[in-house]
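The values are calculated or read from the model by the stated rules, or taken from the named source; none is laboratory data. Just so we're clear, the structure is a prediction, and the values are computed from it rather than from any experiment. Note that we place each Cβ from the backbone using ideal geometry, even for glycine, and neighbour counts take in every protein chain shown.
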Amino acid sequence: MTVQVDIPGFGQVNAQNAATEATLKEVLANGGTIIGNWPNEGYEFIESKASIDENTLYGLALDEDNQDEYTYDRVKDWAGQIKDEYASILSKEVNDLV
């Protein structure tokens, strides 16, 4: 189910997209690092506030209404990716301390 809301500054938008965009802006504005980017291949959408570029999303998008058969594998693969990316960040931070 898609919930449309009217948010000042965003207009009439999908509530999840607006929340995603607001969160991303806040994290990046405060020097945070976004991990878990995911290819948008296999998804059908017109636009998303979670798009980094034409091929990549900020994070994993799950479509339980139209693509629930892909959810298990997507979550499993994404969790492995997050684990690797986080380990890489921690390794760099430890090296910086030494």
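Computed quantities for the displayed model
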item	result
Complete set of residues in the stretch 45-98 that are among the charged types (D, E, K, R) and within 18 Å of Thr20 (Cβ to Cβ)	Glu47, Lys49, Asp53, Glu54, Asp63, Glu64, Asp65, Arg74
Index of the failed condition, Glu47 passing every other in (1) in a loop (DSSP other than H, G, I, E, B); (2) within 17 Å of the chain's Cα centre (by Cα); (3) at pLDDT 80 or above	(3)
Candidates Gly59, Gly31, filtered to the one that is on the phi > 0 side of the Ramachandran plot and under 14 Å from the mean Cα position of the chain (by Cα)	Gly59
Identity of the residue in the stretch 50-69, surrounded by fewer than 15 Cβ atoms within 10 Å (Cβ to Cβ) and touching an Asp or Glu at 6+ places or on another chain (Cβ under 9 Å), that ends up modelled with the highest pLDDT	Asn55
Search result, residues across the stretch 76-98 that are in a helix (DSSP H, G or I), of a type in the set (A, V, I, L, M, F, W, C) and farther than 18 Å from Ile34 by Cβ	Val94, Leu97
Count of residues meeting criterion [within 21 Å of Leu90 (Cβ to Cβ) and among the small types (Gly, Ala, Ser)] in the stretch 31-61	4
Pairs with Cβ under 7 Å, 6+ apart, first in the stretch 77-97 and touching a residue at least 40 places away in the same chain (Cβ under 8 Å), second loosely packed, with under 11 Cβ neighbours inside 10 Å	Ile89/Thr33
